[in-house]
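Remarks on the structure that follows.
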Amino acid sequence: MRPRRSTSAGRLLWRLGLLGLIVGEGIVAASATWVYFAARSRVVAPQDVPAGSTALVLGSKVSDGEPGEYVRARLDTAVALYRSGRVTTILNSGNGSSRYGSETGVMRAYLERAGVPSAAIRDDPAGYDTERSCVRARSEFGLSAAVLVTQDFHLDRAIALCRRHGPDPIGVAAPCPDCAWWSIVRNHLREALLARPRALLSLVLR
């Protein structure tokens, strides 16, 4: 009898595992569909950004007072938009805590070294994640529209969240020539399998 019970338990676990896999695949597919339709036609080339826009630059890792590869690429894109006149104000949103290197402080310093006037830069040191950055851009900084600047793997989700919680968004993808290929692949997988499903579930379960 013991072998039969063991076999029955094994079958139950196998079926539960298969059910979990199916549910997980469904959530991944649903989140990809949500993000695709939310961001469709809202990712634009830099030359298509309306003149006089505000750029919302989403923060990322900084180290020893210098921006990491990803956030540096975002800031370089924002600087190019500012110099072209497409953007007149840049809002840096990230974790301003000294424990995390003061992302917004480092971002501001980088922009100022690149020639962006201090008066054209605003900082949100409480933009701890993408959703909060969107919420605060509207509630704390009064933005009704914004140009989101981040990498392509992150941009569609950022647009989807801002459409739900923040200023009316369009987005410009920041190329990252200094980013390692394996890091880019990892971030694409993280977005598809973790970040997007988590964002969708947070909206559904709220």
_Considering residues of region 122-151 that are open to solvent by 10 Å² or more (accessible area, probe 1.4 Å), without any contact (Cβ under 8 Å) to a residue 40 or more places away in the chain and assigned to a strand (DSSP E or B) only, the residue farthest from A80 (Cα to Cα)_ = A126
*Matching residues in region 152-186 - criterion: being more than 17 Å from I90 (Cβ to Cβ) and in a loop (DSSP other than H, G, I, E, B)*: P175, C176, P177, D178, C179, A180
*From the residues in region 1-31 that are in contact with a Leu (Cβ under 9 Å, 6 or more places away or on another chain) and at pLDDT 70 or above, which one is least open to solvent (accessible area, probe 1.4 Å)?*
S31
*Here are some residues: V106, V43. Which one is open to solvent by 30 Å² or more (accessible area, probe 1.4 Å), touching a residue at least 40 places away in the same chain (Cβ under 8 Å) and of a type in the set (A, V, I, L, M)?*
V43
*Name the residues in region 75-98 that are among the polar types (S, T, N, Q) and either open to solvent by 50 Å² or more (accessible area, probe 1.4 Å) or within 14 Å of P46 (Cβ to Cβ) (or both), would you?*
T77, S84, T88, S98
*asked:* Just to be sure before I move on: is G101 surrounded by 24 or more Cβ atoms within 10 Å (Cβ to Cβ) and at pLDDT below 95 in the structure I sent?
replied: no
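The values are calculated or read from the model by the stated rules, or taken from the named source; none is laboratory data. Values in this document were obtained by computation on a predicted structure and should not be read as measured data. Because the Cβ atoms are built from the backbone with ideal geometry, glycine has one as well, and the counts that use them run over all protein chains shown. Heavy atoms of the whole protein, side chains included, go into the accessibility calculation; ligands, DNA and RNA do not. Shrake-Rupley method; radii C 1.70, N 1.55, O 1.52, S 1.80 Å.
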